[in-house]
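Peer 1: Just passing along the structure, written as structure tokens.
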Amino acid sequence: MSQVLALKYRPSSFDKLIGQEAIAQTLSLALNQDRLSHAYLFSGLRGSGKTSTARIFAKALVCENGPTSTPCETCEHCLSANENRHIDIIEMDAASNRGIDDIRELIESTKYKPSSARFKIFIIDEVHMLTTQAFNALLKTLEEPPSYVKFILATTDPLKLPATILSRVQHFRFKQIKQSDVVNHLCHILNLENIEYEKEALEMISRAGNGSLRDTLTLLDQAIIFSKGYITPENVASMLGLLDPKQLDILFTAILNRNKLELLAMIKELESYECEVVLDELIAYLKNAFFEQDRRFSTLLYERFFKILSEAKSLLYINADNGFVLSLVLFKMVEATNIKTIEEMIDSLEKEKFRLPAATTESSEQHEEVVPLKETPKETEPTSVQDHGVTDAQLYARLCEKLLDRNVELGECFQKHIRFERFQDRVLTLNSSAKDESAKILKHNSAIIRHFVQDVFGFESQIKIVKTDAPATQIAAPASLTHEPSAMLEDLPLEDDSNYSMIENTTFEGAPQSESCATGAMMSMQKELDATEILNTPFVQKATDLFVAQKIQIRQKV
Ligand SMILES: [Zn+2]
């Protein structure tokens, strides 16, 4: 190969510029309409085409037919400009000539007219490297140069330029060249060079070039030599120290299949690679899969994977152990495949809601959604077996356990005075022998009891309390008991279809309506709130006695 590709295929006209169409168009219009400024600033990433554009623009200015956006390429000016030997196009690298003396010399030469062309053009590369004094010395000339002088400044870092410079130039911002544009350009070059390739390999090269065309072409030079005339992804991968795309396929298959053994084996294999490179490759693979709408990944999975990978990158910045970070990433990704989607969770929660808790025995499969309720009342059998293999009595025992867990006093009181009668049509009928203190405790904790009843017997369960005289522990549960008329029955609208739990209307029988200040207030809270009732409560009355209304006047300070 006689010449490196970056030089051989350096664009020589605006239409050959890669990925900077807007800038090429603006500069062409300026040339054709003779609306030229005396100073330009080209900023952008390295390899984005700044210097090439500056040279094309300079040639367009000096061409015999110019200024024109389409230089003739045949006149002496064009020819010498193309060979970088035009006497009136002066290129200067500010990185190596950054001092005030260099700039003084440059300013001195602006005082002499161009030797052959109509303009004298100064291209200053990496202009942000100039010293402050050099910038200051340049200012005056930059503002009012002789009519035959044009400045083209180029920089990768425009933010380092003083505002005084920025305000005196026309600023063109070169954007990063799109990867697809780079790949197309590589294809074009390889076709001209008659070299075979696989497009995937070119994509890997252009990714490694990071949007710099020059870097990418240098890598392409390398790849051509390395692959001996046929550029494949495998060749490029081993040249760049990247993962083979096939390895990535295997890796992701192992993750999706949660094959931890295979992953462990792969982690050992990956130890020879730079962790950051592997992470980048994983991200690139996912990005590619995303755009190709790979059905193996859901949107949620992409989100989780990307999050895990970007978090891993920040771990690398704090110098975490590379191999460990990689292992962590891969195993976190395996875990991520395990997490349910929100829809799945809602689904399972809804199923859970209509199912008795712990109804997970082998027979539960058929009756997952709704608790089948007994058709006929079986008052004589308080321990009737549910279809799930859990008896109502067992559920009731669990309820007692939970109450005891929550509050020993409440639990014991409940067990002593409340007796299970039956659970039918989602109504839990309980016998209560509570009086005085115990009734107060139950009353006070009615919300907790209701919560646990719904927890154990199902969300839509309601409670019916039947008053008995004998304490629960002494009752042998004769069937006839349930048929006894009770004061509560009339108050409880059994036919009411509303979803409210009946405990709202339930008072544990025997509780004194307002024995003390505390219970009085509690009672009114349990009932519907009535403003006048609240005012009559002892709490409020006491409060009104304590606070005497006073009139306070507030005057403005003069
Ligand atoms: Zn020409």
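Laboratory data are not the source of any read-out in this text; all were calculated from the coordinates shown. All figures in this text were calculated on a predicted structure; none of them were measured in a lab. When we count neighbours, we look across all protein chains shown, and the Cβ atoms used for this are built from the backbone with ideal geometry, even at glycine.
Peer 1: In a shell of Cβ-Cβ distance under 15 Å around Tyr317, excluding Tyr317 itself, what net charge do Lys and Arg (+1) and Asp and Glu (-1) give?
Peer 2: Values: positive: Lys313; negative: Glu274, Glu276, Asp280, Glu311, Asp321.
Cβ neighbours under 15 Å give a net charge of -4.
Peer 1: Let me ask you something else. Starting from the Cα of Lys199, draw a straight line to each of the lysines and keep only those under 30 Å, dropping any in the same chain fewer than 8 residues away.
Peer 2: Lys8, Lys16, Lys50, Lys175, Lys178, Lys228, Lys246, Lys268, Lys287, Lys307, Lys313
Peer 1: Using the Cα atoms as the points, what is the convex hull volume per residue of segment 5-174 in Å³? Each step should come with its number before you reach the end.
Peer 2: Numbers: hull volume 18.1 nm³, N = 170.
Considering the Cα atoms of segment 5-174, their hull volume per residue is 106 Å³.
Peer 1: Once amide H atoms are placed 1.01 Å from N in the peptide plane, what residues at a sequence separation of 5 or more from Gln170, or on another chain, have their amide H within under 5 Å of its amide H?
Peer 2: For Gln170, the qualifying residues are Ala39, Tyr40, Leu41.
Peer 1: About the Cα centre, and with charges only on the beta carbon of Lys, Arg (+1) and Asp, Glu (-1), how big is the dipole of segment 5-174? Nearest 20 debye, please. Let's see the in-between values first.
Peer 2: Numbers: 20 positive and 19 negative charges, 42 e Å.
In debye, rounded to 20, segment 5-174 gives about 200.
Peer 1: Lysines near Lys416 by alpha-carbon distance under 22 Å, same-chain residues fewer than 8 away left out - which ones?
Peer 2: Lys402, Lys435, Lys440, Lys443, Lys464, Lys467
Peer 1: Still on this structure, I have one more. Taking amide hydrogens as modeled 1.01 Å from N in the peptide plane, which residues meet the under 5 Å criterion relative to Ile90, leaving out close sequence neighbours?
Peer 2: For Ile90, the qualifying residues are Ile121, Phe122, Ile123.
Peer 1: Give me the percent relative contact order of segment 179-240, please, defined on Cα pairs under 8 angstrom at least 6 residues apart.
Peer 2: 36
Peer 1: Assuming 1.567 mPa s and 4 °C, estimate D for segment 77-191 with Stokes-Einstein, Rh taken as the Kirkwood radius over Cα pairs, in µm²/s.
Peer 2: D = 82 µm²/s.
Peer 1: Also, quick follow-up: Classify segment 1-80 from the C-alpha gyration tensor, please: rounded if a/c falls under 1.5, else prolate or oblate depending on whether a/b exceeds b/c.
Peer 2: Taking the square roots of the gyration eigenvalues as a ≥ b ≥ c, segment 1-80 is oblate.
Peer 1: Now for a separate question. Report the convex hull volume per residue for segment 179-240, counting only C-alpha atoms, in Å³. Don't jump to the answer; show the numbers that get you there.
Peer 2: Working: hull volume 3.9 nm³, N = 62.
Taking only Cα atoms, segment 179-240 has a hull volume of 63 Å³ per residue.
Peer 1: Relative contact order for segment 245-336: what percent, with Cα pairs under 8 Å and sequence separation of 6 or more?
Peer 2: Normalised by residue count, the contact order of segment 245-336 is 39 percent.
Peer 1: Let me ask something else. Take the alpha carbon gyration tensor of segment 111-177, find the square roots of its eigenvalues, order them as a ≥ b ≥ c, and report rounded if a/c is under 1.5; if not, report prolate when a/b exceeds b/c, else oblate.
Peer 2: Oblate, since a/c reaches 1.5 and b/c is not below a/b.
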